[in-house]
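First comes the structure, then the notes that go with it.
The values are calculated or read from the model by the stated rules, or taken from the named source; none is laboratory data. Nothing here was measured: the structure is a model prediction, and the numbers come from that model. Positions of Cβ are generated from backbone atoms using ideal geometry, with glycine treated the same way; all protein chains shown enter the neighbour counts.
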Amino acid sequence: MSDIANPIAIPAPRLDFRALAPELYKAQGGINALLARSSLGVQLLELVYLRVSQINGCAFCVDMHVRELLSRGEDLQRINSVVTWREVDFFDMRERAALNWAERCTRLSQAHPGQQDFDVLRPHFSEREIVELSYAIGCINVWNRLCVGFAAPVEKKSITP
């Protein structure tokens, strides 16, 4: 049943993209592995991954990145506030610049990132880090499209810090 006919229905998983194209899955995972070793830091990457996944409505990825942040000792209030990062003072200027860039590069159909968005990055990131951050944003957007498109299921289990 489509969500148009029943807007409260949870979509059934469609295809197992991991099993059907394992070489592509592995290649995409390789990008994530390279990014995890970058100077951006895994904590910042996870905040960006969570924010982009929230924007894209990817339940699987939101769940995964919340769990990853918690396992790395991230504060629950900060995790809960990623969606409202502009309204709270829980994020430093580097994180705020990255979250802004993530939003602007994810919502391309609404408006392209402006020079002012790019300029906000420069005091906090090297040129290479800006490129790496942009790859990270592109990468999580790919994962979101795969997981949303193929209705990756979220396993119900307790979330504990």
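May I ask you to say which residue of ILE79, ILE31, ILE55 is within 22 Å of THR160 (Cβ to Cβ), at pLDDT 95 or above and of a type in the set (A, V, I, L, M, F, W, C)?
So the residue among ILE79, ILE31, ILE55 that is within 22 Å of THR160 (Cβ to Cβ), at pLDDT 95 or above and of a type in the set (A, V, I, L, M, F, W, C) is ILE79.
For the range 152-161, give me the residue count where each residue is in contact with a Phe, Trp or Tyr (Cβ under 9 Å, 6 or more places away or on another chain) and of a type in the set (A, V, I, L, M, F, W, C).
The qualifying residues number 2.
Residue pairs, Cβ under 6 Å, 6 or more apart or interchain, first in the range 1-28 and modelled with pLDDT of 85 or more, second surrounded by 13 or more Cβ atoms within 10 Å (Cβ to Cβ) and of a type in the set (A, V, I, L, M, F, W, C). List them.
As it stands, the answer is ARG14/PHE150; ARG14/ALA151; LEU15/PHE150; PHE17/LEU146; PHE17/PHE150, since those pairs meet every condition given.
When you check ILE8 against the structure, is it in contact with a Lys or Arg (Cβ under 7 Å, 6 or more places away or on another chain) and either among the aliphatic types (A, V, I, L, M) or within 16 Å of VAL142 (Cα to Cα) (or both), yes or no?
Against the criterion (in contact with a Lys or Arg (Cβ under 7 Å, 6 or more places away or on another chain) and either among the aliphatic types (A, V, I, L, M) or within 16 Å of VAL142 (Cα to Cα) (or both)), ILE8 does not qualify.
Across the range 131-151, which residue is surrounded by the fewest Cβ atoms within 10 Å (Cβ to Cβ) among those that are closer than 21 Å to ALA97 by Cβ and touching a residue at least 40 places away in the same chain (Cβ under 8 Å)?
Here the residue is TYR135.
Which condition does ASN56 not pass, out of (1) without any contact (Cβ under 8 Å) to a residue 24 or more places away in the chain; (2) under 22 Å from ILE159 (Cα atoms), if it passes all the others?
(1)
When you look at GLN77, is it free of Cβ contacts under 8 Å to residues at least 60 places away in the same chain, touching a Lys or Arg at 6+ places or on another chain (Cβ under 9 Å) and not acidic (Asp, Glu), yes or no?
No, not satisfied.
Anything in the range 31-86 that is of a type in the set (Phe, Trp, Tyr) and within 23 Å of ARG122 (Cβ to Cβ)? List them, or say none.
If the condition is that a residue be of a type in the set (Phe, Trp, Tyr) and within 23 Å of ARG122 (Cβ to Cβ), then TYR49, TRP85 are the ones that fit.
Condition check: without any contact (Cβ under 8 Å) to a residue 60 or more places away in the chain, part of a loop (DSSP other than H, G, I, E, B) and either surrounded by 12 or more Cβ atoms within 10 Å (Cβ to Cβ) or among the hydrophobic types (A, V, I, L, M, F, W, C) (or both). Does ALA111 satisfy that?
Spelling it out, ALA111 is indeed without any contact (Cβ under 8 Å) to a residue 60 or more places away in the chain, part of a loop (DSSP other than H, G, I, E, B) and either surrounded by 12 or more Cβ atoms within 10 Å (Cβ to Cβ) or among the hydrophobic types (A, V, I, L, M, F, W, C) (or both).
Could you please let me know if LEU35 is in contact with a Phe, Trp or Tyr (Cβ under 7 Å, 6 or more places away or on another chain) and in contact (Cβ under 8 Å) with a residue 24 or more places away in the chain?
yes
Which residue out of PHE118, PHE125 is surrounded by 11 or more Cβ atoms within 10 Å (Cβ to Cβ), in a loop (DSSP other than H, G, I, E, B) and either free of Cβ contacts under 8 Å to residues at least 24 places away in the same chain or of a type outside the set (A, V, I, L, M) (or both)?
PHE125
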